[in-house]
1. Of the numbered conditions (1) in a helix (DSSP H, G or I); (2) over 22 Å from I79 (Cα atoms); (3) not hydroxyl-bearing (S, T, Y), A40 satisfies every one except a single condition; which is it?
2. Those residues that are surrounded by 10 or more Cβ atoms within 10 Å (Cβ to Cβ) and either in a helix (DSSP H, G or I) or of a type in the set (F, W, Y) (or both), I need them from the range 50-62; list them, please.
3. Look through the range 47-101, keep the residues that are in contact (Cβ under 8 Å) with a residue 24 or more places away in the chain and touching a Leu at 6+ places or on another chain (Cβ under 9 Å), and return whichever of them is farthest from N23 (Cα to Cα).
Amino acid sequence: MPLGQLLIYLCYPLLLYFETIVNIFGKIGVSGVDSNVATAARSLIMALVIVGLVVTKGQVGQLFQLSSTTTIFVILSAIAGALSWLAYFKALQLGQASQVAPIDRLSLVLAALFLGESFT
């Protein structure tokens, strides 16, 4: 089995694990605080972790070498992600995590429709 494929199979269980604890920690994290404030705090912490990874790997220069197409779609993705997080944390604050978490699975359907990806 090629190394790339092996890494994908190892990453899927981790992805599911982290996605699950995001829902649980998120629900606990929005109790007693405005969901926008919780989302801002989460965003700052995520930015620090991800920028730290890029710095550690010596890839900072690549941030300034993105093509215009890549830059546009990264910006659009960031805006969509920010709006999604704001709505998601508000929904977690107002509802039950078990009812809110499945909504995110709609991305599987959209990936099939818009990207031509198949369910495996």
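What follows draws every value from the coordinates through simple rules; no lab data is involved. Keep in mind the model is a prediction, meaning the values are calculated, not measured. Here the Cβ is made from the backbone with ideal geometry for all residues, glycine too, and neighbour counts use every protein chain on show.
1. (2)
2. First pass over the range 50-62, keeping only residues surrounded by 10 or more Cβ atoms within 10 Å (Cβ to Cβ): 50-55, 59-60, 62.
The answer is I50, V51, G52, L53, V54, V55, V60, Q62.
3. V100
Each row is one residue, and each column tells you yes or no for (1) part of a helix (DSSP H, G or I); (2) within 22 Å of V100 (Cβ to Cβ); (3) aliphatic (A, V, I, L, M).
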| residue | (1), (2), (3) |
| --- | --- |
| Q5 | yes, no, no |
| L10 | yes, no, yes |
| I24 | yes, yes, yes |
| V33 | no, yes, yes |
| I45 | yes, yes, yes |
| L48 | yes, no, yes |
| T70 | yes, no, no |
| I79 | yes, yes, yes |
